[in-house]
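Just below is one structure, and these are the notes that go with it.
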Amino acid sequence: MDIESVAWLEEYLKNFPGAVLLISHDRYFMDRVVTKTVEIENKKSVVYNGNYSHFIKKKTTDREIAKKHYAENQKVIKHHQEVIKTLRSYSTEMFIKRAQSREKLLEKIDKVDKPLEDPATMRLRLTPRLNSGNDVLTVEGLTMGFGGKTLFADLSFEMKKGDKTALIGPNGVGKTTLIKLLVGQHTPQAGHVRKGVNVRIGYYDQNTALSEEKTIFEEMADTYPRMGQTEIRTTLGAFMFIGDDVFKPIAALSGGERGRVQLAKIMLAGANFLVLDEPTNHLDIFSKEILEDALREFKGTLLYISHDRYFINNTATRILDLTPTGLVSYTGNYDYYVEKKAALLATGHLPGTVELAQAQSTTTQKEERQRKKEQDAAARRKKSRIDKLEKQISETELEISQCDVKLADDEIGRNTELVQEIFARKMELEELLINLYEEWEEAQ
C-alpha cells in the first residue's frame, strides 16, 4: 500500500466503532491507530497502554529503573555478606552471634530479580571508499513513458553531497522508473542525468538476480573476497540471518529473504551514493532501526523510495514528492512535508499542480539557510538539555548509593528515627530518578 492508502486505512480504523487487533511493522501507523501495545519477548507478553512511541519510552524507562534497583539490591546484599564473613572470621562467640544477627537481617531483605538482558545490539557502518564531489547528481528536463503513455515530463532537480532524500508518491506514478533512469538502467525519452565527480552508486533493487547455486554466505564472500568472515556474519546478522541461517542456499529463500540478502550486499559496497528502492520491505522493526542508524550516520549521499513514514522521519532531510504533474521538493523530514503540504492546501495551492511545483521551486536559499540555522539551534538546545539531565541523574544515583551505605551501617541501624529519615529520602530520590529518566528519554 502506498502512503495515501495507508493514511486512508488509519482514518478508517481510528473511527471504527468496534475493537481492532493488528500485527504491524509500520511504527508510524501504530502511533496513529493503536491505543494498547502487546509485546511478546522471551516467551512472555507485556501489555503497555499506549501507542508505539509510548511503548518504547515506557519499556526503556522500566528497563533502566529495573537495572538500577537490581544493582542497588545486589550492593546491599554483598555488603551484608562481607560483614558476615568478616565477623565469622574472628571465631569468638560475640562475633558469631553478631554474624548470626546479620544473617537474619539478610534473610529479611527482599531479593530483586535480575532484569532481562537487553536484546543484542548490532551496528552497521556504511563507509564510502571514496569521497564524491559536492555536486552528486544533476537532472534536467527528464521525460519518460511506456506504450505511448507519459509517466512524467520535464523533471529537473539536483542532489548535493550529504543529501538524504526520500522519493515518495502514489503507486504507478513512476518512482521506480525514475530511480532506474538515475542509475542508468533506462534511457530517458528526453532530458539527461549527469553524475558528479567521483560518484560511486550503490543501487538496491529487490529484483536483482542472486546466484541460485550459492549459499547466502558464499554470495557475500564471493562478492567481497577481501572481507573477513566476522564482518560478513555481523552484517548478515543485522538482517536476521543468524547462526546456520547464513548457509541457506539462495534457491531456497523466500522473496523477502532474497531482498534482505541484496540489501546486505549493498550495505557492504562502500558506495558514496546509495540509491534504494523500498529498503525496509520485509524487515522487522529491530532491523529497520539498525538500518536507520546506519543511514543517519552515512557520510555519503542517499536517495530512496519508501512508504515507511517512520523510517522517512528518522532518515530523510529532504522529500521529493512525485505527482502526476510534476516533482515537488520539501526541505525536511516527513512530518515537515505533511505540515508544509497542509499549509499550501490551506492557501489554495493544491499538491500535484504545476502552480505548486512552481511555488516550491521559488523557495529562496535565504529561507533554507534560516531553516538550517533553526535546526542547528534546536540541536544545541537538545544537547544542552540532555547533558544537564545526565548530570542530574548521576548526582541522584550517587546520593541513592550514599543512602544505601548509611542504611547498611550498624550504628545508624540502631537509630530508628534516623533510619526512617534516610529511607524516606531514598524513596524520594528514586521517584526523582524515575522522572529524570523519563525526561531524558523524551529529550533523546
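The values are calculated or read from the model by the stated rules, or taken from the named source; none is laboratory data. Values in this document were obtained by computation on a predicted structure and should not be read as measured data. So basically every Cβ, Gly included, is an ideal-geometry build from the backbone, and we count neighbours across all protein chains shown.
Among the candidates Leu151, Leu106, Leu126, Leu130, the residue that is aliphatic (A, V, I, L, M) and assigned to a strand (DSSP E or B) is uniquely Leu151. Of everything in the stretch 279-329 that's in a loop (DSSP other than H, G, I, E, B) and surrounded by fewer than 19 Cβ atoms within 10 Å (Cβ to Cβ), which residue is modelled with the lowest pLDDT? The qualifying residue modelled with the lowest pLDDT is Asp284.
Within the stretch 31-49, which residues are among the charged types (D, E, K, R) and either surrounded by 14 or more Cβ atoms within 10 Å (Cβ to Cβ) or part of a strand (DSSP E or B) (or both)? Before you say what the answer is, go through the steps one by one.
Filtering the stretch 31-49 for residues among the charged types (D, E, K, R) gives 31-32, 36, 39, 41, 43-44.
Asp31, Arg32, Glu39, Glu41, Lys44, listed by residue number.
Which of the following residues is crowded, with 17+ Cβ neighbours inside 10 Å and over 22 Å from the mean Cα position of the chain (by Cα): Val261, Val275, Val246? Val246 is the lone residue from the list that is crowded, with 17+ Cβ neighbours inside 10 Å and over 22 Å from the mean Cα position of the chain (by Cα). Collect the residues in the stretch 193-218 that are over 22 Å from Asn272 (Cα atoms) and touching a Leu at 6+ places or on another chain (Cβ under 9 Å), keeping them in residue-number order. If the condition is that a residue be over 22 Å from Asn272 (Cα atoms) and touching a Leu at 6+ places or on another chain (Cβ under 9 Å), then Leu210, Ile216, Phe217 are the ones that fit. If the condition is being over 17 Å from Phe241 (Cα atoms) and within 27 Å of the chain's Cα centre (by Cα), then the stretch 207-223 contributes Asn207, Thr208.
So which helices (runs of 4 or more DSSP H) are wholly in the stretch 156-240 and hold at least 1 residues that are in the same structural domain as Thr315 (by TED's automatic domain parsing) and in contact with a His (Cβ under 6 Å, 6 or more places away or on another chain)?
Result: 175-182.
The residue pairs whose first member lies in the stretch 320-343 and is at positive phi, whose second member is modelled with pLDDT under 90, and whose beta carbons are closer than 7 Å, counting only pairs six or more residues apart or on different chains, are Gly326/Val354; Gly326/Ala357.
Kindly indicate whether Ser254 is of a type in the set (Gly, Ala, Ser), over 29 Å from Met1 (Cβ atoms) and free of Cβ contacts under 8 Å to residues at least 40 places away in the same chain. Here the answer is no, as Ser254 does not meet what is asked.
Filtered by the rule that a residue be over 16 Å from Thr208 (Cβ atoms) and surrounded by fewer than 17 Cβ atoms within 10 Å (Cβ to Cβ), the stretch 180-190 gives Thr187, Gln189, Ala190.
Listed by first and then second residue, the pairs with beta-carbon distance under 9 Å, at least 6 apart or on different chains, first residue in the stretch 431-442 and within 13 Å of Lys68 (Cβ to Cβ) and in the same structural domain as Ile65 (by TED's automatic domain parsing), second of a type in the set (Gly, Ala, Ser) and at pLDDT 80 or above, form an empty list.
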